[in-house]
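Each remark here refers to the structure printed beneath this line.
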C-alpha cells in the first residue's frame, strides 16, 4: 500500500461543540433538527435565551416541530399520569424519554409532515441568538439539481475557505444514500483502505438533520469525506461518522420527493460575505422544503 496522508478541516468551534455534544443523550422522536441546533448554539456560546436554558425541547418549541397524533396522545397520557401522581417524572423519563417532550408541540394528522421544518429551524436559531447568528439556506435541488458534482466540489472548497468566517453547518438529507454506519464492515481501517463500493448503504431510510462538523481529506488514492456529527450516539464512532463526498451529495439531493440541502450558520457581520460566495457558484439561497410545515400550535390544533 502507498503511504496515505490525511488532512483534517474542522469548522471553527469544533472542540467546544464537541464538549456540548458529548454531554447529551440521543435526540427525542422528531427532534433531530432542534437537537442539532441546541448543541451547536451551546458550543458557539449561546446557552440561554433570557432565563431559558437552550436544549433540544426548548429549541423544538420555538421551531414548532410537528408531532403525530399518536405521539401527542402518548405525551398527554404520560404527562397526565405524572400530574396525577401515578408515576414520577424520573420513572416517566426512564420509560418514555423519546416522547416525553417538555413543551406542547404542534400536531399533524399526516405522519409525513412530522418533524422540523427548515424554516422553523432557521427561525429558532435566529430568535434564540437575537439575530446575531444568521441562517443561510442552500437547497440541493428544485426544478433541477443544483448540487451537480462539479458545483458541489466547488461548494465544499468554499466551505473550507469560509471556516475563517466562523460558519457552522446543518445538513438535511436522506439517510438511505449514505454508507451503513451500523454495519460490521464500517470501521476506521476499512474506511481508510476501501472505497465506498465496499460498504452497504444504510438500511435506515429517513429525512434527517445532522451537523456537518468538517472534512477529512485523504491524500493519494482516497476521496475527501464529510465528518458527520449525528443525533444518535450508536452511529459510527460515538455519534461521528465519515461519509464519502459523493454519498453525502446524493443524500442531500434526497430523491424522495423532498428537498434536502444545507443551512449555514454564520455571525451576522459575515453573512454578506458568505452569501456572495455561494451565489457566485450559481446556487440559489432559499428555504428548502423538507416536507414538514412551519406553523403555530394553534394552527396545528385547528387542522388536527
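Read-outs throughout are calculated quantities, based only on the coordinates presented, and are distinct from any laboratory measurement. On a predicted model such as this, the values are computed, not experimentally measured, just so you know. Glycine also receives a Cβ, built like all others from the backbone with ideal geometry; neighbour counts cover every protein chain displayed.
A few points about this structure:
- Beta bridge orientation in the chain: antiparallel %, DSSP, nearest 5: 95 percent
- The angle between the Cα long axis of helix 32-44 and the longest principal axis of the Cα atoms of the chain comes to about 70 degrees, rounded to the nearest 10.
- Over segment 113-204, relative contact order from alpha-carbon pairs under 8 Å, at least 6 apart, %: 18 percent
- Footprinting exposure proxy for 170, 62 (fewest neighbouring C-beta atoms within 10 Å first): 62, 170
- Annotation: Cα Rg of segment 249-300 relative to the compact-globule expectation 2.2 N^0.38 Å equals 1.45.
- Note on the chain: Kirkwood radius taken over Cα pairs, Stokes-Einstein applied at 25 °C and 0.890 mPa s, translational D equal to 123 µm² s⁻¹.
- Across segment 17-96, Cα-Cα distances exceeding 19 Å account for 47% of all pairs.
- Nearest 10 degrees, 0 to 90: helix 271-280 Cα axis against the chain principal axis: 50 degrees
- Annotation: peptides 9-15, 204-210, ranked by per-residue average of other Cβ atoms within 10 Å with the highest first, follow the order 204-210, 9-15.
- Across segment 68-138, Cα pairs under 8 Å and at least six residues apart give a relative contact order of 29 percent.
- Overall Cα dimensions of segment 62-114, principal axis frame, Å, largest first: 33, 20, 16
- Helix 14-23 vs. the chain, principal-axis angle (Cα, 0 to 90°, nearest 10): 40 degrees
- The label-point distance for residue 112 and residue 203, in a model that sets each label 7 Å from Cα toward Cβ, rounds to 2.6 nm.
- In a fully extended conformation the segment linking residue 70 and residue 189 would gain 38.6 nm over its present Cα-Cα distance, using 0.36 nm per residue.
- Computed over the chain, the per-residue total of -39500 (n - 2.57) for DSSP H runs of n ≥ 4 gives a 222 nm mean residue ellipticity of -10500 deg cm²/dmol, rounded to 500.
- Global form of segment 174-252, assessed from the alpha-carbon gyration tensor, a/c cut-off 1.5: rounded
- Each part gets one Cα centre, and for segment 116-144 versus segment 163-215 those centres are 22 Å apart.
- Cβ-based exposure ranking for 196, 88, in which fewest neighbours within 10 Å come first: 88, 196
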